[in-house]
1. So which of L97, L182, L121, L203 ends up being at pLDDT 85 or above, of a type in the set (A, V, I, L, M, F, W, C) and closer than 26 Å to D247 by Cβ?
2. Can you name the residue in the range 366-378 that is in contact (Cβ under 8 Å) with a residue 60 or more places away in the chain and surrounded by 13 or more Cβ atoms within 10 Å (Cβ to Cβ) and, of all such residues, is farthest from L210 (Cα to Cα)?
3. Could you list, in sequence order, all residues of the range 379-392 that are surrounded by fewer than 18 Cβ atoms within 10 Å (Cβ to Cβ) and out of contact with any Asp or Glu (no Cβ under 8 Å at 6 or more places or on another chain)?
4. Residue pairs, Cβ under 6 Å, 6 or more apart or interchain, first in the range 243-266 and free of Cβ contacts under 8 Å to residues at least 60 places away in the same chain and acidic (D, E), second in a strand (DSSP E or B) and surrounded by fewer than 22 Cβ atoms within 10 Å (Cβ to Cβ). List them.
5. I'd like the full set of residues that are closer than 25 Å to A101 by Cβ, touching a strand residue (DSSP E or B) at 6+ places or on another chain (Cβ under 9 Å) and free of Cβ contacts under 8 Å to residues at least 24 places away in the same chain, limited to the range 304-359.
6. Look through S215, S186, S232, S223 and report the one residue that is touching a strand residue (DSSP E or B) at 6+ places or on another chain (Cβ under 7 Å) and either free of Cβ contacts under 8 Å to residues at least 60 places away in the same chain or among the small types (G, A, S) (or both).
7. Restricting the range 156-179 to residues that are within 26 Å of D369 (Cα to Cα) and among the hydrophobic types (A, V, I, L, M, F, W, C), which is modelled with the lowest pLDDT?
8. Which count do you get for residues in the range 187-209 that are out of contact with any Lys or Arg (no Cβ under 6 Å at 6 or more places or on another chain), within 22 Å of E390 (Cβ to Cβ) and not acidic (D, E)?
Amino acid sequence: MMDNHNTPEENPVSGQDPDGQQPVHPAIELDEPEPVMIEEKKSSHEEHHHHHHRFRRRKKKKLAKYIALGILIVLLVLLVTAATAFFVLRTSGRSSLFAQANEVAPSMQMTNESIEPQEILDAYTVKYKGKKYHYNQNIVTILVMGIDKSSLSEEEEGSGKAGQSDANFLLTIDSETGKTSLIAISRDTITDIHIIGATGDSLGMSKAQLALGFSYGDGRDISCQYMVDAVSKLFYGLPIHGYCAIDLDAMPILADTFGGVEVTLLHDMTWLYPDWTEGSNVLLKGNAVTKYIRTRYHIADGTNEKRMERQKQFLMAFIKKAMSEVKNDFTLIGTLYNAISDDMVTNISFSEITYLATLALKMDFSSIDYVSVPGTTKEGNLYMEFYPDEKAFYELILDQFYTCEE
């Protein structure tokens, strides 16, 4: 009976109804992957691919950051280490430099007390003309000598055979303010110097020209120490913290290292060079340096005082030029040292040079105070002799090394 049949159902296997008609939604179409699904799978693959590259890029960026950070840390460590080493050098240099002086302060006891009464209040304080003066312990004093010996690299012992100190200057630097002075001392100054006999025995100290103080040593450190003793005694026991002796024949090397030194000629020197007229501007280089600072006779009055004026002028011009260039390039100090090391004797160590170099940064080289030991020159039995004016000299020392307490 047809009415008793159930409603026809789809064949679950074929997807067709019993009448053989196609269904509205064939089962075979349900098994086919839809285009949307294909697009989604493709997108997922690309996303994974891009994610992988992004991960690698992030990893590289992190690595670069770590490398940069590591380099920065290393640089900071090197900088701190260098700064620490520099500080240690500077500090040890200052300590050792100040420790080299045999005295702590001048005695300031006049030889001729009738000239002007003074009262020594303590080791550092003197009362003069009603005012108190206190010794400035911040001042560094270096004795600079120009020697007339052709080679300082060979020791030459013997009585009076080690050469003479033709040019003598005290370079003073206030380590707190940077104030710098250059005090010229005549080679002919009559003062106490060490005398050594022909057999090498010490004969004590005796009055003679200052320049001869160098000749009784070994031509090197002993000679320099004899000069330090003589100059210190001349300045009432002034502490001298270091010395530097340079063969005068090496001065052209100093000048040429910086391309020459320009000066305005103080005297007519046309007998040396036709164009060397008084007042002319000349760039001193090579042998011209030696002639300008060493020639004495046939120029002006032929005295050592006139030659000292030229030596002072050259030295100040050289210092200004050298330090202005050293401030821009500190390696020039090493270049300069290597250039003249064979022609120089000094007891100033590397750490002390480092300390002095830091003081140079404070200096105003346009206002270096230049003074000479005051006095008069007389003709002796054999040579010219210079005698300091004790009162004027005493006041110069107070002005240069003491602070007036009003």
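1. L182
2. Ranking the candidates gives I368 first.
3. Those that are surrounded by fewer than 18 Cβ atoms within 10 Å (Cβ to Cβ) and out of contact with any Asp or Glu (no Cβ under 8 Å at 6 or more places or on another chain): G380, N381, L382, Y387, D389, E390, A392.
4. Listed by first residue and then by second, the contacts come to E262/L283.
5. Within the range 304-359, just Y337 meets the criteria.
6. That would be S186, the only listed residue that is touching a strand residue (DSSP E or B) at 6+ places or on another chain (Cβ under 7 Å) and either free of Cβ contacts under 8 Å to residues at least 60 places away in the same chain or among the small types (G, A, S) (or both).
7. I173
8. Total meeting the criteria: 9.
The values are calculated or read from the model by the stated rules, or taken from the named source; none is laboratory data. Values in this document were obtained by computation on a predicted structure and should not be read as measured data. Note that each Cβ is placed from the backbone with ideal geometry, even for glycine, and that neighbours are counted across all protein chains shown.
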